[in-house]
Amino acid sequence: MLLLGHDLHKDPEMLSCARATLKWYQEHPGRYELTHVMAPYVGVRLNAEHGDQFDIDTLYKAWFGDVDGARGWAVTAGEVLDDGHTADGLDGARKRSGNFRAFTMSSLNGPAWLLPAVRYDQRYARFVAKYA
């Protein structure tokens, strides 16, 4: 929202706040509700349009849920359901019991933020296209 506010109003304070927010997130990566969804897009735009140097790898790892290897909240990869079907690309949470619970809106809303990021940094295009 801060980056959009800067785009609309050319308010330098909003740009400064967008940078500070993403800096904090990069230093504390994880999946906090929907914060991870916007991070790669905002990071690549700040890098491309404003000369920042955010670590995009960290932002993508957080997006897919591979920050500390715990695989709590994450996008599924290699999951096999009880009936033998695979369920790759779903967004959800692994319970302590080992069960995985997918969430429809996260699974559908997330790619809408991830796909436009490729416009600003094509290094991830093949990876993102495979996911999409």
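Restricting attention to segment 44-58, which residues are under 18 Å from LEU4 (Cβ atoms), free of Cβ contacts under 8 Å to residues at least 40 places away in the same chain and not charged (D, E, K, R)?
Within segment 44-58, HIS50, PHE54 meet the criteria.
Within segment 94-116, restricting attention to residues that are more than 20 Å from VAL37 (Cβ to Cβ) and of a type in the set (Gly, Ala, Ser), which residue is modelled with the highest pLDDT?
Once the filter is applied, the top-ranked residue is SER97.
Here is a list of conditions, (1) within 17 Å of GLY78 (Cα to Cα); (2) surrounded by 17 or more Cβ atoms within 10 Å (Cβ to Cβ); (3) out of contact with any strand residue (DSSP E or B) (no Cβ under 7 Å at 6 or more places or on another chain), and PHE127 meets all of them except one; can you say which number that is?
That leaves (2) as the condition not met.
Could you please let me know if ARG126 is free of Cβ contacts under 8 Å to residues at least 24 places away in the same chain and over 27 Å from LYS23 (Cα atoms)?
It is false that ARG126 is free of Cβ contacts under 8 Å to residues at least 24 places away in the same chain and over 27 Å from LYS23 (Cα atoms).
In this structure, is ASP91 more than 19 Å from MET1 (Cβ to Cβ), charged (D, E, K, R), modelled with pLDDT of 80 or more and surrounded by fewer than 17 Cβ atoms within 10 Å (Cβ to Cβ)?
Details: more than 19 Å from MET1 (Cβ to Cβ): yes; charged (D, E, K, R): yes; modelled with pLDDT of 80 or more: yes; surrounded by fewer than 17 Cβ atoms within 10 Å (Cβ to Cβ): no.
Judged against the criteria, ASP91 is not a match.
Residue by residue through segment 117-132, note down the ones that are under 14 Å from ILE56 (Cα atoms) and at pLDDT 90 or above.
ALA117, VAL118, ARG119, TYR120, ASP121, GLN122, ARG123, TYR124, ALA125, VAL128, listed by residue number.
Residues in segment 65-80 that are surrounded by fewer than 10 Cβ atoms within 10 Å (Cβ to Cβ) and either modelled with pLDDT of 75 or more or of a type in the set (Lys, Arg) (or both): how many?
1
The values are calculated or read from the model by the stated rules, or taken from the named source; none is laboratory data. Worth saying up front: this structure is predicted, and the values here are computed from it rather than measured. Don't worry about glycine lacking a Cβ; one is built from the backbone with ideal geometry, like all the others, and counts go over all protein chains shown.
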